Structures are given as structure tokens and as C-alpha cells.
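Worksheet: the structure to be examined is printed underneath.
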Amino acid sequence: MIALDVAIKDKYYANSDLVVLKEIQFSVKPGEFVAIIGPSGSGKTTLLNMISGLEEATEQTLLCNSKPLNGGKAFPLGYVFQQPRLMPWLTVNENIQLVLPTTQETIIKTLLAQVGLAGKGDYYPKQLSGGMQRRVAIARAFAVNPELILLDEPFNSLDAPTAATLRLLLADLCKSRGSTVVFVTHDLSEAINLADRIIFMSHSPSSIIHQTTVDLPKPRTESGSNELAWQAKLMNQYPQILSGSLCTD
Amino acid sequence: MSPVYGRLLMLIVLASTWQGIAWLVNSSDFPSLFIVMESFIYHFFHGDMLVNLSVTLTRVLISFIIAMILGVMIGILMGISKRLNQLSDTLLIIVLNIPALVTILLCYIWFGLVESAAIMAVVINKVPTVVVMIREGARVVDEDLLNVAKVYKLSLRKTFFNVFLPQLYPYIMASARAGLSLIWKIVLVVELLGRSDGVGFALNTLFQFFDIAGILAYTFAFISIVLVIENLIFRPLDKLIARGIHHDRA
């Protein structure tokens with residue numbers, strides 16, 4: 001199981017003197033589901049890119065089980081990007097097969113069935129709807145049996161029922177595999193629904209303004225009374241927290 | 001109207017226009033289609049046309065393959081490496097603008113009137129145009145997809161053949177198409193200047209005799225071959241490359 005220690009100081013946008021992440025420091029316990037919430041432009045994607053090793057800052061310490069994380073080279077990592085990022089010239093099956101070292105027809109078949117795409121394996125991404133493509137991307141991330149999963153607003157701009165199905169699926173998959181999850185979103189109820197802990201970020205140059213454990217029993221529901229009450233309490237305490245500020249006015 | 005009929009119709013219109021003009025002009029400098037066909041049949045069955053065609057085609061094929069492989073490799077390198085691009089950009093522009101005739105003459109002078117000199121002259125003429133096209137493709141390769149390959153730790157081979165190269169296929173196709181037409185034109189000049197066989201040589205001989213029908217017969221033969229290549233090789237390849245890209249949403 002993977003535990004993460006993240007410490008980043010002064011990460012600039014590529015080719016720019018704009019600081020995107022000012023001071024970020026947090027840990028993720030093995031098997032923990034951490035949601036990161038922040039206003040748009042607060043560098044949430046940059047943060048995930050840094051954990052996955054796609055971007056670097058001059059001052060950063062990224063540890064995995066107290067050893068250098070090194071872009072997750074030592075263990076399987078799943079990353080669901082904001083866009084599905086499937087290879088258009090490969091079929092759904094081939095797209096998933098691409099990230100696997102050996103031919104794994106049964107695993108792919110099972111995964112596709114789990115994301116509700118049974119029998120869609122021979123379609124090309126462009127023949128599928130946007131929601132279906134996202135599901136393929138999620139299946140691809142799970143195909144590598146990841147010990148760490150990074151998700152970047154994976155359910156953004158999906159219709160509510162599809163998003164709900166996919167959230168259930170994600171919770172199931174994470175639970176059955178015990179993977180550690182870092183989940184970026186700007187939807188508070190989604191975070192409450194899924195996460196063990198929520199980290200709130202400020203506007204860029206961003207830092208962490210608040211961390212809180214979601215002490216509600218799982219499985220949770222989309223608009224259950226406990227969840228709504230929890231959200232109301234938080235919003236009451238910090239009305240501006242979603243726009244990246246702890247001020248009470 | 002199906003595309004096949006459309007193309008046929010275009011051919012018929014072209015042929016009848018030619019025939020019409022030939023009747024109007026009524027001169028041996030502008031032979032009618034029938035005379036050209038007669039000449040074609042003569043050269044095909046009684047002349048050296050088959051030999052010349054196969055010799056020229058072999059030259060075209062060899063130089064085409066060498067030029068494409070070299071051009072694609074150099075183009076990719078220049079597209080992904082800024083430093084290499086800065087270093088060789090000037091050289092590329094120079095080579096791109098040397099007249100084909102100059103390269104041919106220099107190759108013959110330096111290496112003699114031999115087959116390899118002929119092939120080399122054609123390759124030198126073609127490579128820069130391939131490089132320019134492939135470089136553009138390699139420059140606009142989708143970084144996002146390459147990041148997928150990086151995150152999922154794909155091997156270099158898998159990344160190259162499944163993620164990088166497919167993005168270049170349209171550029172490679174375009175340069176192959178443009179390449180074939182340019183190459184066979186240059187091959188003819190090369191043959192005319194320093195070879196004793198091939199279509200270029202035959203055309204030169206026909207020119208000495210002012211055999212316009214013969215010249216047109218050879219042109220007709222070669223264009224037919226190019227059309228066959230287009231339909232049998234390029235079009236199926238086009239379809240293969242377009243897979244997954246031009247589909248409508250389900």
C-alpha cells in the first residue's frame with residue numbers, strides 16, 4: 001500500500017514567472033481517499049501532474065512510503081486525466097491493452113463490463129459518447145492494478161445519473177483494491193460522497209487553507225441527510241471556503 | 001453519383017476535350033487519341049516500352065523508399081529537437097532550393113554516369129520536402145497523449161509506434177503522395193541526362209524524331225501506372241490511417 005508525503009514550494013507555471021503552487025504540504029495514508037478542492041486555476045491539476053512526475057518544481061519533496069516517489073516509477077500508477085486522452089487510432093480494447101505489459105483479454109473484458117461498456121471493446125473512441133470515453137479512461141487507469149490513483153475532475157461535465165454511476169463504480173473499485181486515491185474536484189458534495197479526507201486549496205498562488213476528515217459512515221449517498229448536514233455545517237463555518245478563503249464575511 | 005462514376009466521367013470529359021481540340025487543330029503536332037493509342041500499342045507490343053517502364057519504376061521505387069525513410073527520420077528528429085532544428089534549418093532551406101537539375105548534374109560529374117549517382121540525385125531532391133512536412137507533424141504532436149504514455153510507463157518502442165508515430169501518419173501519407181509524383185518527374189530528367197534506358201531515355205529518343213504520339217503514349221502509360229498505385233496502395237492506406245479518426249459519433 002502506498003502512503004504519500006507531499007511538500008512543494010514555489011512551483012511556477014511552465015515558461016512563466018507566475019507562481020501556481022506557493023506552499024503545499026500534506027500526507028496521504030495508505031489506502032486513504034483524499035479529495036482536493038479548490039477554485040479553478042488553483043493548481044490542482046499541476047499538483048497531480050507533479051505527483052505523477054509529469055511536472056517538477058525546484059523545491060519539492062515527494063515521498064512514497066518515506067522513499068522518493070520519483071513519478072511513481074516503482075509501482076503501478078493510474079491517472080484519470082481531465083480529458084479522456086484515449087488514442088483515437090486504437091479501439092477501446094487496444095487502448096486498455098496499450099498500458100498493460102502482457103495480453104490480458106479477460107481482465108479487459110471484466111473491466112469494461114464493470115464500467116458498463118460490455119461489448120464496446122471493438123469501438124473506436126470517436127464512436128463513443130464523451131461519458132463512455134471517460135469510462136474507458138477510468139477502466140484504463142484500473143487495468144494496471146494501481147496502488148496509487150490520481151483523478152482529475154473525472155466526472156466533470158457529465159450528466160448527473162452517469163456521474164453518479166461512475167462515482168459508485170470508483171468507490172467500489174477503490175474499496176476492492178485498497179488503492180490510495182488523490183481525487184481533484186470542485187464539487188463539494190462529490191468530495192463528501194467519496195473521500196475520507198478533504199483538502200481545501202486557496203486561489204493561486206495556492207496553499208492549503210483547510211483539511212478535514214469526513215467522519216461519515218460509508219457507503220454514503222449523493223444527497224443523504226447526514227451528508228447534507230455535514231456539508232451545511234462546513235459551509236456555515238467557512239462560507240467562502242469553496243472560493244479559496246477561510247474568511248467568514 | 002458514386003465517386004467511381006464521378007472519376008470516370010471526369011476522364012471521359014478530359015478525353016473528349018482532347019479529341020475535340022485534335023480535330024479542330026488537325027495537325028501532326030496535336031495527334032488525336034486514336035493515333036496516340038496506336039502508338040501506345042506499337043511501343044507496348046513491338047517496342048521497349050515494357051522494359052523502359054519497369055526500369056524507371058524500379059528507380060522510382062528505390063529512390064522513393066530511401067527518400068521516405070531518410071526524410072521521416074530526419075523530420076522527426078528536427079521536429080522534436082529544437083537544437084537540432086536550429087542547427088540544420090539553414091541547411092534544409094539551402095538543399096530545398098537547389099534546382100533539381102544542379103543536383104543531378106553534380107551527382108553525375110562527381111560519381112560518374114552510374115545507377116547509384118542517378119538514385120542519389122533523386123533522393124537528394126526529394127528528402128528535404130519530406131523533412132519539411134514530417135517536421136511540421138512532429139512539432140504539433142499531442143503532448144497530452146505522450147504524457148499518458150509517460151504516466152503509464154510505456155516502453156520507448158510502444159510509445160513510438162502506438163502513440164507518437166500514428167500522429168504522423170497523415171503527414172507521412174501527404175508527403176508520400178507528393179513524393180511519388182515529384183520523384184518520377186525527377187527520375188525522367190535523370191534518365192534523360194545520363195542513362196541509356198528508362199522512360200526518360202525513351203522520351204528523349206522520341207523527341208529526336210519529333211514523335212509526339214509516342215511521347216504522349218509513354219505519358220499515358222506512366223500516368224496509368226500512377227493511377228493504379230494510387231488506387232491499389234494509397235487509397236487503402238488512407239482508409240487504414242483514418243480508422244478511428246473520421247468516424248461519426250454513435
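The values are calculated or read from the model by the stated rules, or taken from the named source; none is laboratory data. Computed from a prediction, not measured in an experiment: that's the story for all the values here. Note: ideal-geometry Cβ built from the backbone for every residue, glycine included; neighbour counts use all protein chains shown.
If I ask for residues that are modelled with pLDDT of 90 or more and either not small (Gly, Ala, Ser) or not in a loop (DSSP other than H, G, I, E, B) (or both), which ones from segment A:118-131 would you list?
The answer is A:Lys120, A:Asp122, A:Tyr123, A:Tyr124, A:Pro125, A:Lys126, A:Gln127, A:Leu128.
Do any strands (runs of 3 or more DSSP E) lying entirely in segment A:1-95 carry at least 1 residues that are within 11 Å of chain B (Cβ to nearest Cβ) and under 26 Å from A:Ala137 (Cα atoms), and which ones are they?
Qualifying strands (runs of 3 or more DSSP E): A:77-80.
Among the listed residues B:Ile233, B:Ile225, B:Ile241, B:Ile212, identify the single one that is free of Cβ contacts under 8 Å to residues at least 12 places away in the same chain and either within 25 Å of A:Glu94 (Cα to Cα) or more than 14 Å from chain A (Cβ to nearest Cβ) (or both).
Only one candidate qualifies: B:Ile233.
Return yes or no: is B:Ala217 in contact with a Ser or Thr (Cβ under 7 Å, 6 or more places away or on another chain) and over 28 Å from B:Ser116 (Cβ atoms)?
yes
Would you be able to tell me the number of residues in segment B:155-180 that are of a type in the set (A, V, I, L, M, F, W, C) and at the interface with chain A (Cβ under 7 Å from one of its Cβ atoms)?
1
Name the single residue, out of those in segment B:190-207 being part of a loop (DSSP other than H, G, I, E, B) and in contact with a Leu (Cβ under 8 Å, 6 or more places away or on another chain), that is surrounded by the most Cβ atoms within 10 Å (Cβ to Cβ).
B:Gly198
Which of the residues belonging to segment A:99-116 are facing chain B (nearest Cβ under 10 Å) and without any contact (Cβ under 8 Å) to a residue 12 or more places away in the chain?
Once the filter is applied, which keeps residues that are facing chain B (nearest Cβ under 10 Å) and without any contact (Cβ under 8 Å) to a residue 12 or more places away in the chain, segment A:99-116 yields only A:Pro101.
Would you call A:Lys175 among the basic types (Lys, Arg) and within 14 Å of another protein chain (Cβ to nearest Cβ)?
no
For B:Phe111, state whether it is within 14 Å of another protein chain (Cβ to nearest Cβ), surrounded by fewer than 20 Cβ atoms within 10 Å (Cβ to Cβ) and under 25 Å from the mean Cα position of the chain (by Cα).
The answer is no for B:Phe111.
Working carefully through the options A:Pro39, A:Pro76, A:Pro30, find the one that is surrounded by fewer than 17 Cβ atoms within 10 Å (Cβ to Cβ) and touching a residue at least 40 places away in the same chain (Cβ under 8 Å).
A:Pro30
I need the full set of residues from segment B:142-154 which are at the interface with chain A (Cβ under 8 Å from one of its Cβ atoms), within 34 Å of the chain's Cα centre (by Cα) and under 21 Å from A:Asn70 (Cβ atoms), in order please.
Residues satisfying the conditions do not exist here.
Among the listed residues B:Phe30, B:Phe34, which satisfies the condition of being surrounded by 11 or more Cβ atoms within 10 Å (Cβ to Cβ), assigned to a loop (DSSP other than H, G, I, E, B) and more than 26 Å from the chain's Cα centre (by Cα)?
On inspection, the qualifying residue turns out to be B:Phe30.
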